[in-house]
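Data first, discussion second: the structure below is written as structure tokens.
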Amino acid sequence: MEENVFDVLKERGFIAQTTHDEQLRELLGKEKVKFYIGFDATADSLTAGHFLTIMAMMHMQQHGHTPIALIGGGTTMIGDPSGKSDMRTMMTRETIDYNANRFKEQLSHFIDFDNDHAIMVNNADWLLDLNYVTFLREIGVHFSVNRMLTAECYKQRMENGLTFFEFNYMLMQAYDFYKLNQMFGCKVEMGGDDQWSNILAGADLIRRKKLAEEGADGAELKKDPAFGLTFTLLTTSDGKKMGKTMKGAVWLDPNKTSPYEFYQYWRNIEDSNVERCLGLLTFLPMDEVRRLGALEGAEINKAKEVLAYEITKIVHGEEEAKKAQEAARTVFASGGISENMPSITYTKAQFEEGIDLISVLVDTKLCSGRGDARRNMEQGGVKINDDKVTDPTRKLLETDIVDGAIIIRKGKKNIYKVVIEG
């Protein structure tokens with residue numbers, strides 16, 4: 001008997017909430033279902049935060065279901081207030097379109113869009129030319145403002161002032177689900193658990209629209225309902241979303257976060273998150289996930305190596321994963337230099353004058369600013385070639401170069417190679 005993907009997602013730790021547990025499980029077990037996940041084009045690359053969602057899409061596709069990747073060319077012009085204490089910065093249409101195209105490229109690396117195995121659409125196609133009055137008459141009439149104001153995504157924003165501009169976001173996302181249901185027979189919307197209110201709104205809109213249509217009754221709706229499912233959010237022990245570093249987001253684009261830095265991020269996660277991440281972000285069998293997750297003390301580092309390697313392999317390919325692992329082992333196990341570790345280049349002329357170490361720490365983003373760099377140095381947290389540096393006026397000179405490079409460390413886990421050009 002073929003495995004039900006609902007059980008796979010549940011065992012691996014993906015499922016946070018669903019609208020109808022048993023009905024959805026039954027649906028996914030008996031027919032090939034079209035489901036959708038939305039990606040607002042707020043940056044020119046997907047992030048580690050998106051990766052959990054992409055893994056769920058891959059599991060669904062592997063079990064014969066059809067992903068609809070919805071690029072939010074329209075909704076990005078508003079900005080989702082979920083999880084935000086302030087209004088998002090408004091973006092130009094050109095920037096959004098550019099970002100949307102980058103998302104398409106990246107998603108195609110993970111999802112097979114050939115021969116209708118998956119569908120990619122952009123909600124700009126139906127949202128940007130909407131007639132506002134018609135939209136209010138056909139869609140707005142089905143929304144209760146009282147109920148909307150109880151949604152978590154709005155409650156948080158109410159404290160700082162929720163604009164009517166953002167208040168429309170839930171209607172637009174709900175309308176997306178309705179449109180995809182009409183266009184493709186899409187029956188399930190999936191997303192992070194912070195999207196629960198918006199997903200519920202979409203499923204409810206489809207129900208209300210069907211009931212309002214001529215000839216539609218409760219029996220017909222029961223036969224063909226719309227479902228919502230949310231994924232657990234990966235958080236650190238203090239409740240912050242995973243996938244952020246001092247430098248900012250952990251990107252899937254290798255030009256924004258190198259494979260080595262990507263590997264290192266997962267290699268250095270908290271011990272308590274290792275088993276969860278192995279279940280959610282790799283395809284390792286669950287018996288192996290549990291075995292690795294049960295390791296304790298220094299042994300847990302072996303599990304972290306496996307985790308980092310497997311995730312990097314999925315995102316950047318096996319060759320890059322091997323290079324990243326080799327570089328990490330060389331640097332941290334033997335204190336050596338690897339060509340695959342992150343590096344920054346300065347000119348020979350700059351070395352002759354001497355390069356301000358504080359500037360290097362800021363340039364490499366090992367420190368967030370000059371004050372942060374100075375504090376780290378004074379507290380003994382910065383090393384040049386394994387020698388502690390506490391003098392904030394220290395400059396890098398050609399005499400610091402060993403084996404063709406200078407190794408700068410901040411703390412135990414942050415490292416950069418400084419090389420001379422020419």
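What follows is calculated from the coordinates using simple rules that are stated; it is not laboratory data. Source: prediction; values computed, not measured. Cβ placement follows ideal geometry from the backbone for every residue including glycine, while neighbour counts extend to all protein chains displayed.
The label-point distance for N146 and A349, in a model that sets each label 7 Å from Cα toward Cβ, rounds to 7.2 nm. Label separation (K395 vs E138): 6.9 nm, computed from points 7 Å beyond Cα along the C-beta direction. Here is what passes the span test in the chain: the DSSP H helices with alpha carbon length of 18 Å or more along the helix axis and a Kyte-Doolittle mean of 0.5 or above are 48-62. Using +1 at the C-beta of Lys and Arg and -1 at the C-beta of Asp and Glu, which of L284, N115, H65 has the Cα lying farthest in the positive direction of the dipole of the chain? Going by the Cα projections, it comes out as L284. Averaging 1/r across all pairs of distinct Cα atoms in the chain and inverting the result yields a Kirkwood radius of 23.9 Å.
The GluC sites (Glu not before Pro) found in the range 270-318 that occupy coil by DSSP, while having at most 10 further C-beta atoms within 10 Å, are E296. Quick one: among L292, L397, L278, which has the greatest mean-square fluctuation in a GNM of the chain with alpha-carbon springs under 10 angstrom? Looking only at L292, L397, L278, the biggest GNM fluctuation is shown by L397. Counting only aspartates and glutamates at least 8 places from K322 when in the same chain, those with an alpha carbon closer than 19 Å to its own are D253, E261, E305, E310, E339.
Compared with the direct C-alpha span, the chain from T95 to D7 gains 27.7 nm at full extension, assuming 0.36 nm per residue.
Which pairs, out of K104/K313; K187/K240; K187/K313; K155/K304; K240/K302; K241/K395, put more than 28 Å between their alpha-carbon atoms? Write out the running numbers ahead of the final one.
Working: K104/K313 20 Å; K187/K240 32 Å; K187/K313 32 Å; K155/K304 38 Å; K240/K302 25 Å; K241/K395 37 Å.
K187/K240; K187/K313; K155/K304; K241/K395, as the Cα separations exceed 28 Å there.
Distance between the pseudo-spin-label points of K241 and F165 (7 Å out from Cα toward the beta carbon): 2.0 nm.
Fewest neighbouring Cβ atoms within 10 Å first, the residues I139, I406, I68 line up as I139, I68, I406. For the chain, modelled as a Gaussian network with Cα springs under 10 Å, which listed residue fluctuates most, T257, T53, T95? Evaluated over the chain, the most mobile residue of the options is T95. Highest GNM mean-square fluctuation, the chain, Cα pairs closer than 10 Å: which of L211, L200, L70? Sorting by GNM fluctuation, first place goes to L211.
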